[in-house]
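Colleague: Pasting a structure below so you can have a look.
Any read-out appearing in this document is the output of simple, stated calculations on the displayed coordinates, not a laboratory observation. What you see is a predicted model, and the numbers here were worked out from it, not measured in a lab. Glycine gets a Cβ as well: all are built from the backbone with ideal geometry, and neighbour counts include every protein chain shown.
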Amino acid sequence: MSAFPHAHYLKGAHEPSQFYPDVGAEVCFGGRSNSGKSSAINAITQRAGLARTSKTPGQTQLVNFFELEPGRRLVDLPGYGFAKVPRPLQDHWKKLLEAYFRDRTTLKALFLIVDVRRGLGDQDLQMIEFARSCGRGVHILLTKADKLTRNQGASALAAVRRQLGDSATAQLLSAPAKTGVDEARKALRAFLREKNPTGDTPPPG
């Protein structure tokens with residue numbers, strides 16, 4: 001049975017005026033276009049196909065709102081770092097995300113999706129810094145952990161945690177192998193339960 005049996009798509013927004021009403025609580029998922037974001041969302045929610053997956057990066061072109069439970073939402077953000085997206089659209093996304101992070105009072109945290117084999121890039125670090133500057137918690141999902149050995153994964157996670165310090169929490173995740181899925185779901189629920197976010201990142205669980 002799905003962890004969120006009533007999860008469903010609400011709407012997509014191309015402009016801030018199209019955002020879903022700013023009530024309840026929500027957590028957004030962001031990351032590079034080829035980081036495995038949609039697969040991570042589907043694995044955590046246990047809803048295959050909730051977020052669209054594609055072999056072509058850059059398919060998420062709107063800020064997509066999904067209701068997980070009454071008053072609790074997951075938001076799928078457009079990916080970044082994909083060169084084939086036209087520059088005007090990249091600029092539009094940048095302004096859209098800035099408005100979303102600065103103005104959205106119900107936003108509790110950013111789940112940043114990072115391919116564990118690539119590590120944190122400059123754009124990832126900028127995203128973390130921006131989310132923190134807007135008072136949002138940050139939790140890193142190091143995806144595609146099944147592509148590494150256990151020791152390689154542990155080493156990569158330790159390196160990212162050292163790099164992050166206290167600015168964010170991090171964990172390994174593999175959607176196909178289900179590695180870290182329960183941990184990520186627990187962190188998601190913890191953020192969605194927060195009533196008065198301070199901007200500090202609470203530890204998962």
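Colleague: Cut-off under 19 Å on the C-alpha distance; same-chain residues fewer than 8 positions from Lys178 excluded. Which aspartates and glutamates are left, in chain and number order?
Modeller: Within the straight-line limit of under 19 Å, Lys178 reaches these aspartates and glutamates: Asp115, Asp146.
Colleague: Take a quick pass over the stretch 61-167 and tell me how many lysine pairs come in under 27 angstrom between Cα atoms, counting only ones 8 or more apart or on separate chains.
Modeller: 8
Colleague: Another question about this same structure. Can you find, among Cys28, Leu172, Leu89, the residue farthest towards the positive end of the dipole of the chain? Put +1 on the C-beta of Lys and Arg, -1 on that of Asp and Glu.
Modeller: Among Cys28, Leu172, Leu89, the one farthest towards the positive end of the dipole of the chain is Leu172.
Colleague: For Ala170, which sequence-distant residues (separation of 5 or more, or a different chain) have an amide H within less than 5 Å of its own amide H, given hydrogens modelled in the peptide plane?
Modeller: Hits under the 5 Å cutoff: Ile140.
Colleague: So, one more: Just grab the label-to-label distance for His6 and Arg52, each label 7 Å out from Cα along the Cβ direction, in nm (one decimal).
Modeller: Going by the 7 Å Cα→Cβ label model, 2.7 nm.
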